[in-house]
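Asks: Please read through the structure below; I'll follow up with questions.
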Amino acid sequence: MESTLIIGNGFDLDLGIKTSYKDFRKSEFWPIQSVLSIDTSLKYFLFDSTLTNSWFDLEDLLYVFASKATRSEYEADIDKKFFQLLSDKLCKFIKLQENGEIKSDSLASRFFPNFNVFDNIFSFNYTDLRKLSKNAGSSYPIKNYIHVHGTCVNDSSILGIGDNYKINKLYYFLYKTSNPYYKSSNVRYALQRSKLVVFYGHSLGPQDYHYFSNFFKCQSSENMDESDKKIIVFITKNKGSRDGILYQLREMNDGKIDLLYDCNDIRWIYTENDVSRNLKEFNEVIKTLSSLKDKQILKRIAERSLNSIK
């Protein structure tokens, strides 16, 4: 019986690390003055777009651009060079933010000791969790975890869009899977195996649908067996961000939110609430999981005893 932690941009933001798209756009790293001798259509498209708040908004904009792009191979090649520049600048921006001051009174800062409770940890951020944990003053070393979209630690960050979108073949370089650093993460298998799944600061945005849609569809099925029931915890900023997550969930599981609730143990923790209260709520979740694991161990012992009698 496993447990899985999914980390999204909201975790960094809760730490006080300004790694949102909006912060990137306002920083000196945003490539307003391109080093390219020729301006690009992608550059102008992004500059004209409305300021938004999170990484998936940037990736959504990349999709909108690519879905409408009907350009020549020469123009696409120039756009590709600008996209590479954008990715490089993003990495430099993230590295600087990692060294920023951590909010010691945040839930995220006090959450680091809980990381090793999980069998699987997947970060959808580019930041280095070990560095952030150290900066937060945590004395608990984080075990191995997987960067689903790469990391800026070794300049292997993966910016782009999901394969579930159709775009002009000249812009295939925008697919995350086209990035040479893209590798297997096995998120879906971990979700299937886990009894406890915690989403911390992940918005479940459209660009990540393919990682989670099947999981939520399976957990919203009328044919679910009681043994398939899972504890699913969403740690998010407030009730407003909760509404955004619920909207994405409705999109992913054909609107079966009632079945998702009825067939699982769904819990919400808001980072804007009192931190001590939040930690207490999370500890209750861990106690529940521990109890289930104990029951599973006792069941196996009983089964072995019966088999030995036979």
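The values are calculated or read from the model by the stated rules, or taken from the named source; none is laboratory data. Owing to the predicted nature of the structure, the values given are computational and were not obtained by experimental measurement. Cβ placement follows ideal geometry from the backbone for every residue including glycine, while neighbour counts extend to all protein chains displayed. All accessible areas refer to the heavy atoms of the entire protein, side chains included, with ligands and DNA or RNA removed. Shrake-Rupley method; radii C 1.70, N 1.55, O 1.52, S 1.80 Å.
Asks: Of the residues I245, I266, which is part of a helix (DSSP H, G or I) and among the aliphatic types (A, V, I, L, M)?
Replies: Just one listed residue meets the conditions, I245.
Asks: Quick check on my filter: what residues within the range 206-228 are closer than 19 Å to V285 by Cα and either touching a strand residue (DSSP E or B) at 6+ places or on another chain (Cβ under 7 Å) or crowded, with 21+ Cβ neighbours inside 10 Å (or both)?
Replies: Matches in the range 206-228: Q219 only.
Asks: Quick one: S138 ticks every box in (1) farther than 20 Å from S20 by Cβ; (2) surrounded by 15 or more Cβ atoms within 10 Å (Cβ to Cβ); (3) under 20 Å from the mean Cα position of the chain (by Cα); (4) not aromatic (F, W, Y) except a single one, so which number is it?
Replies: Of everything listed in (1) farther than 20 Å from S20 by Cβ; (2) surrounded by 15 or more Cβ atoms within 10 Å (Cβ to Cβ); (3) under 20 Å from the mean Cα position of the chain (by Cα); (4) not aromatic (F, W, Y), S138 misses just condition (3).
Asks: On the basis of being open to solvent by 40 Å² or more (accessible area, probe 1.4 Å) and part of a helix (DSSP H, G or I), does Q192 make the cut?
Replies: Considered against the rule, which asks whether it is open to solvent by 40 Å² or more (accessible area, probe 1.4 Å) and part of a helix (DSSP H, G or I), Q192 comes out as yes.
Asks: Next question, about the same structure. Which of the following residues is under 14 Å from E59 (Cα atoms) and out of contact with any helix residue (DSSP H, G or I) (no Cβ under 6 Å at 6 or more places or on another chain): Y175, Y165?
Replies: Y175 is the lone residue from the list that is under 14 Å from E59 (Cα atoms) and out of contact with any helix residue (DSSP H, G or I) (no Cβ under 6 Å at 6 or more places or on another chain).
Asks: Just checking, which of F11, F47 is under 27 Å from the mean Cα position of the chain (by Cα), open to solvent by less than 70 Å² (accessible area, probe 1.4 Å) and at pLDDT below 90?
Replies: So the residue among F11, F47 that is under 27 Å from the mean Cα position of the chain (by Cα), open to solvent by less than 70 Å² (accessible area, probe 1.4 Å) and at pLDDT below 90 is F47.
Asks: Consider G255 against the criteria (1) part of a helix (DSSP H, G or I); (2) more than 17 Å from the chain's Cα centre (by Cα): it satisfies all of them except one. Which criterion is unmet?
Replies: So the condition that G255 fails would be (1).
Asks: Specify the residue that is least open to solvent (accessible area, probe 1.4 Å); the eligible residues are those in the range 159-183 that are part of a loop (DSSP other than H, G, I, E, B) and without any contact (Cβ under 8 Å) to a residue 40 or more places away in the chain.
Replies: So the first thing to find is which residues in the range 159-183 are part of a loop (DSSP other than H, G, I, E, B), and the list is 159-160, 162-168, 179-183.
Keeping just the survivors that are without any contact (Cβ under 8 Å) to a residue 40 or more places away in the chain gives 179-183.
Working: N179: 36, P180: 119, Y181: 120, Y182: 74, K183: 137 Å².
That would be N179.
Asks: Among the candidates S156, S109, S133, single out the residue that is outside any helix (DSSP H, G or I) and among the polar types (S, T, N, Q).
Replies: On the way: S109 fails: outside any helix (DSSP H, G or I); S133 fails: outside any helix (DSSP H, G or I).
Unique residue meeting the criteria: S156.
Asks: Exactly one condition in (1) open to solvent by 10 Å² or more (accessible area, probe 1.4 Å); (2) more than 22 Å from D14 (Cα to Cα); (3) free of Cβ contacts under 8 Å to residues at least 60 places away in the same chain; (4) not basic (K, R) is false for I146; which is it?
Replies: So I146 meets the others, but not (2).
Asks: Given the conditions (1) touching a residue at least 60 places away in the same chain (Cβ under 8 Å); (2) in a helix (DSSP H, G or I); (3) within 16 Å of the chain's Cα centre (by Cα), which single one is not true for S203?
Replies: Only one criterion in (1) touching a residue at least 60 places away in the same chain (Cβ under 8 Å); (2) in a helix (DSSP H, G or I); (3) within 16 Å of the chain's Cα centre (by Cα) is unmet by S203, namely (2).
Asks: Considering only residues that are modelled with pLDDT of 90 or more and among the acidic types (D, E), look in the range 103-139 and name the one that is nearest to D12 (Cα to Cα).
Replies: Selected residue: D128.
Asks: Quick check, is Q248 touching a strand residue (DSSP E or B) at 6+ places or on another chain (Cβ under 7 Å) and of a type outside the set (S, T, Y)?
Replies: No, not satisfied.
Asks: Would you check if there is a residue in the range 86-102 being modelled with pLDDT of 90 or more, β-branched (V, I, T), assigned to a loop (DSSP other than H, G, I, E, B) and closer than 27 Å to F234 by Cα?
Replies: yes
Asks: Does any residue in the range 214-242 that is basic (K, R) come within less than 9 Å, Cβ to Cβ, of a residue that is surrounded by 19 or more Cβ atoms within 10 Å (Cβ to Cβ) and in a loop (DSSP other than H, G, I, E, B) six or more places away or on a different chain, and which pairs are these?
Replies: Final answer for the pair search is K217/N253; K217/K256; K229/Q219; K230/Q219; K237/G201; K237/T271.
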